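Rule-based calculations on the coordinates, nothing more; no lab input. Worth saying up front: this structure is predicted, and the values here are computed from it rather than measured. As a convention, Cβ positions derive from the backbone with ideal geometry for all residues, glycine included, and neighbour counts pool all protein chains shown.
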Amino acid sequence: MTIAEAVEKMVLGWDGNIQDINHFLKVHSFSRLIGEREGLTLQDLRTLEFASVLHDIAIPLCRKKYGNTDGKKQEEEGIPLVRRFFEGTDIEPEVLERVVYLVGNHHTLTDIDGIDYQILIEADYLVNAYEGNYSEANIRNMLEKTFKTETGKQLLGSMYLNGRQ
Ligand SMILES: [Fe+2]
C-alpha cells in the first residue's frame, strides 16, 4: 500500500469530517517534512508517514462510544482499527507492527523509543498548538522538555515563539 492510498482511504473513510481530515493531513505533512530533513531511512519514513496518517483513526469511534476523545482510550481503540485498515494490503509486517505501536502510544510522552515516534509527537504538537490555541508557557515547556529534532525545534520556535527556540 502506498502512502497516497492510505491518505485517500482515510479521507474517504471519514465521510466529510473536515476538521479531523485537515488535522491528519497537517500532521502527515509536518511528519514527512521533519522526517526527510532529519534523514530518516526510507523504511522509517514510510512507517512515520503511515502512523501520522492513521494516528487519530479512533477519534470517531471514541466520540460515539465514550462521548469524548480521551487520549488513552484513543490509543487502545486505535490498535485494532489500524490492523483492520491494513487487512488485505501488502504492507510489510515490520512496518505494520511499528505503526500499530505508534498509534497505540501517540499520546504518551514517556518512553519515546525511536526517531519515528519522536517526530510523530513533534508533528502532532505543531498542529495541536494552533488548533488548541496553546499558551506560550505550554509551548516553551514542550520545546524544552520534549522536542528533540533540530527541524521540529526550528519549526516550533518560528511558528509560535517569534523565531526564538
Ligand atoms: Fe493528532
Can you list the HN-Hα couplings for region 32-42, worked out from phi with the Karplus curve (6.51, -1.76, 1.60; θ = phi - 60°), rounded to whole Hz and with x for Gly and Pro? 5, 4, 5, x, 5, 5, 8, x, 5, 5, 4
Let me know the shape class of region 42-117, please: from the alpha-carbon gyration tensor, a ≥ b ≥ c as square roots of the eigenvalues, rounded when a/c is under 1.5, otherwise prolate if a/b is greater than b/c, or oblate. oblate
Quick one: pull the percentage of alpha-carbon pairs in the chain with a separation above 22 Å. 39
Which aspartates and glutamates does K26 reach when only Cα atoms under 15 Å apart count, and residues fewer than 8 places away in its own chain are ignored? E8, E49, D56, E122, D124, E131
Order by neighbour count: K73, K65, fewest other Cβ atoms within 10 Å first, most last. K65, K73
May I ask you to list the lysines whose Cα is less than 18 Å away from that of K73, ignoring any residue fewer than eight positions away on the same chain? K64, K65
Assuming 0.36 nm per residue, please report the length gained on full extension of the stretch Q165 to K153 beyond their Cα-Cα distance. 3.7 nm
Nearest 0.05, what FRET efficiency do L12 and I79 give at R0 = 30 Å with Cβ-Cβ as r? 0.85
Residue of P80, P60, P93 that the Gaussian network model of the chain assigns the largest fluctuation, springs spanning Cα pairs under 10 Å: P93
Could you give the length gained on full extension between R37 and Y134, defined as 0.36 nm per residue of separation minus the Cα-Cα distance, in nm? 32.4 nm
Among A129, A51, A137, the residue with the largest mean-square fluctuation in a Gaussian network model of the chain built from Cα contacts under 10 Å is A137
Most exposed to least, judged by fewest other Cβ atoms within 10 Å, H28, H23, H106 sort to H23, H106, H28
Leading residue at positive end of dipole, the chain (Cβ point charges), from G88, M159, C62: M159
Order by neighbour count: D116, D111, D56, fewest other Cβ atoms within 10 Å first, most last. D111, D56, D116
Tally Lys and Arg at +1 and Asp and Glu at -1 over the other residues with C-beta under 14 Å from the C-beta of E38: what net charge comes out? -2
